[in-house]
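Following: one structure in structure tokens, then a few remarks.
The values are calculated or read from the model by the stated rules, or taken from the named source; none is laboratory data. Keep in mind that this is a model prediction, so the values were computed, not measured. Using ideal geometry, Cβ is built from the backbone for each residue, glycine included, and neighbour counts are taken over all protein chains shown.
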Amino acid sequence: MILSKADLPDIKWSMIALLISLVVSGSLVSISGKFEERALKDRQAAQKQLNDARDQLGTAENDQENMASYAMEYNALVAQKVIGDEQRLDWMEGLEKLRQQGVARDFTYTISPQHAYAPSPPLDAGNFQLNRSDMSMQIDLLHEEQLLRLFGGMHAQMAGWFILDGCTLSRAEAANEFSTLKAECSGGWFTMKNKNAP
Amino acid sequence: MARTLLFLSADSFHATIWRGGRLGVAQHFSNNTRGREQFSAFLKEHRDPAYLLVDVIEEDFRLEIVPHLIGPSRRDLMARKFEQFYRGTPFRQARLLRRQKEGRRDDEMLFSALTNPARISPWLDALHANHIPLVGIYSLPNISTPLIRNIASDHVLLLSWEKDAGLRQTYFKNKRLHFSRLIPIGEDSTFSESVATETRRTQQYLKSLSLPPPGEMLDVHIICHNSNRQELQDKLESSSDLRYTYLDIQELGLSVESKSTFLDSDATPLFLHLLTHKPPSAHYANLDHMHFYVLWQLRHIFYGLAALILAVSASWSGIAYWQGRAYAANTEPLERQAETIRERTQRIHRSFANTTVPAADMKTAVLLSRKLDRYSPTSEDILRELSFALDRFTQVKVNKIAWHVSAADAAPSAYPAQVITFDGELQGFGGGYRKALDYFNRFQQDLARRGYAVSVQSLPLDVSSKGSISGEITNSDGKPAQFTLKIVWRQKE
């Protein structure tokens, strides 16, 4: 038996019913599925928020315990002028003072313009902009100990934080009674500034 | 669901509505233009599936043994047989009685047909014109088999009386229909008289066919009402090869779930019930006759599918909605809990002493400075152990020493390493190459023990197979034995 167009009136309402049921069913499934999906996402988001809140609380409680030491160290960094704008005059004065103290036989230095600093490996700087002003030094020494004293003095007596990248220590080509060693060192003055600070 | 049951005999055609096991009042239609118009009007009011039961003399039965075939070959064979036996009628069928157990194992077939299509066609035309779904065209012998299924006999002659047709005698061998005949009952005769005379005649005819074989009993079962039973018993007497049994029409009706009350021995209502109860799959209608029934089935399949799809999707949606509600119910407590914890966190933050710098920034700056402090160790830290080693190995003279920070050499430490390039020379060994190299090796081992990673950039004397001996130990010419070491210093965790 072959169905023809003439048979359509006999089955059209059942076909329409089938189509309607397909459309209605599809809509029902789609709407309820989306509702369930959204509710699940909301619950997952709420669970994540709860986990985050717990983490933050734990961190805050930890911070509360450590805040006294954080504040002390932070104030020390401020006092050392590591936090805030760089103070080149302080560095120049400090280096001149060390020269006068005769920590090394003699030395010269060159400070380059300040640039953004990215530690390697990277560190989380949070809300701070990290900067560095590179400095190269040529130092005449009577003996190796003077080099250590010079950097010790820069660390102990000067306002600022000098990060030493490296040194080359060699015998002076024309050694004399005043200078037997020559050092060439490079590094940079490190500062960090809060991005919200004026 | 209601059904329209149509009964066609030689002189009569009537329609009855069957609903819930009960038959309605039969409406008779005469076989003329007016009768057919009335039938059309009736069909306009009753559009349920229709069953046509035919009880006419013009039904032929033919037993044939045919080869056992399947598929298209069998279909072609049946078509040839139909053309051979019943060319002039579309109302024909073939039923497999049994397959022989020996020889070629051929099929024993019963071919039958309604040989006077003109008797049926007018009513079929009316059904077709009104788009009535015709389930099938059945003959009374064809649907009788269920009535004798529980009778423990291999040779049964079933007798029934249809008021509008006559006395129907149907012979079953091994519960399979073999032959049937209809005897009209005239006005001058009664049901019991006809049974008495016609049964003997039929028995004679069967004997001529050796049915049943000699020595076996022919069981005659008569469908009758209780009111006729005594009269029949009085007229009929069993013999050595013939045995009469009386089947109560009311009990038979109950067995086919009929709720009708049978008032006399007319078996027409019983067979109509039987038709709705268990219609046989084989009948005389072909697909053209059943066209609107196929459409009706298709329509119901579509409606069924629609209902099923709706039910499944509604169930699925219900479950998804219920699950979604459960998720939503779980979400609110989580959000409340998170909010409570956030408030606690804020209270702690507010309790921090520093008022100008946020506590988070203060912490970031401090942790950063702590880590960065380890990025740039003091020169003293880097060189201390090297200095101690040089104090021990006094024959090593430093020519040049350089160090620089190196992130590439940091691993496995988390902080950058310091790479020291050590240019030196060995003094005071003269031509003692072996002694000088041994001293140099011990110097390296000492550095390694002190935590440095040492690799040789250039040896004072290359004694490997790949090298070329240059003899740089201070020799008689006073030339120094120079070497270069790469020494890596790493932060301890």
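Every listed requirement among (1) within 10 Å of chain B (Cβ to nearest Cβ); (2) assigned to a helix (DSSP H, G or I); (3) loosely packed, with under 12 Cβ neighbours inside 10 Å is met by A:Glu65 save one, (1). Output the residue which, of all residues in segment A:89-115 that are of a type in the set (Lys, Arg) and touching a residue at least 60 places away in the same chain (Cβ under 8 Å), is surrounded by the fewest Cβ atoms within 10 Å (Cβ to Cβ). Checked segment A:89-115; the qualifying residue surrounded by the fewest Cβ atoms within 10 Å (Cβ to Cβ) is A:Lys97.
Filtering segment B:29-47 to residues that are touching a strand residue (DSSP E or B) at 6+ places or on another chain (Cβ under 9 Å) and either surrounded by fewer than 14 Cβ atoms within 10 Å (Cβ to Cβ) or under 25 Å from B:Gln169 (Cα atoms) (or both) leaves only B:Ser30. Where strands (runs of 3 or more DSSP E) fall wholly inside segment A:81-198, the ranges with 2 or more residues that are more than 8 Å from chain B (Cβ to nearest Cβ) and more than 25 Å from B:Ile401 (Cα to Cα) are A:106-116, A:128-141, A:181-194. Go through B:Val357, B:Val366 for me and flag whichever is within 8 Å of chain A (Cβ to nearest Cβ) and not in a helix (DSSP H, G or I). Just one listed residue meets the conditions, B:Val357. When restricted to residues that are assigned to a strand (DSSP E or B) and in contact with an Asp or Glu (Cβ under 7 Å, 6 or more places away or on another chain), segment B:158-179 contains 6. For A:Ile20, the stated conditions hold: it is modelled with pLDDT of 95 or more, within 8 Å of chain B (Cβ to nearest Cβ) and in a helix (DSSP H, G or I). Across segment B:386-413, the qualifying residues are those that are within 7 Å of chain A (Cβ to nearest Cβ) and in a strand (DSSP E or B), and the one among them that is farthest from the chain's Cα centre (by Cα) is B:Asn399. Of all residues in segment A:55-72, how many are modelled with pLDDT under 90, touching a helix residue (DSSP H, G or I) at 6+ places or on another chain (Cβ under 7 Å) and not polar (S, T, N, Q)? Looking only at that region, the number is 6.
Before we move on, is B:His221 in a strand (DSSP E or B) and under 50 Å from the mean Cα position of the chain (by Cα)?
Taking the combined requirement at face value, the residue satisfies it.
B:Pro412 passes every criterion in (1) within 19 Å of B:Asp446 (Cβ to Cβ); (2) surrounded by fewer than 21 Cβ atoms within 10 Å (Cβ to Cβ) apart from (1).
Going through (1) surrounded by 15 or more Cβ atoms within 10 Å (Cβ to Cβ); (2) over 43 Å from the mean Cα position of the chain (by Cα); (3) within 25 Å of B:Phe271 (Cα to Cα) one by one, B:Ala50 falls short only on (2).
Restricting attention to segment B:313-360, the residues being within 42 Å of the chain's Cα centre (by Cα) and surrounded by 13 or more Cβ atoms within 10 Å (Cβ to Cβ) number 15. Within the option set B:Phe82, B:Phe7, B:Phe39, being of a type in the set (Phe, Trp, Tyr) and in contact with an Asp or Glu (Cβ under 9 Å, 6 or more places away or on another chain) holds for one residue only, B:Phe7.
Set side by side, the residues B:Tyr293, B:Tyr303 differ, and just one is more than 7 Å from every other protein chain (Cβ to nearest Cβ), closer than 29 Å to A:Leu3 by Cα and part of a helix (DSSP H, G or I), which is B:Tyr293. Quick one: is B:Glu162 acidic (Asp, Glu), more than 19 Å from B:Gln203 (Cβ to Cβ) and crowded, with 18+ Cβ neighbours inside 10 Å? In short, yes. Starting from residues that are out of contact with any Ser or Thr (no Cβ under 8 Å at 6 or more places or on another chain) and aliphatic (A, V, I, L, M), keep the ones in segment B:204-248 and report whichever is surrounded by the fewest Cβ atoms within 10 Å (Cβ to Cβ). Only one residue fits best here, namely B:Leu209.
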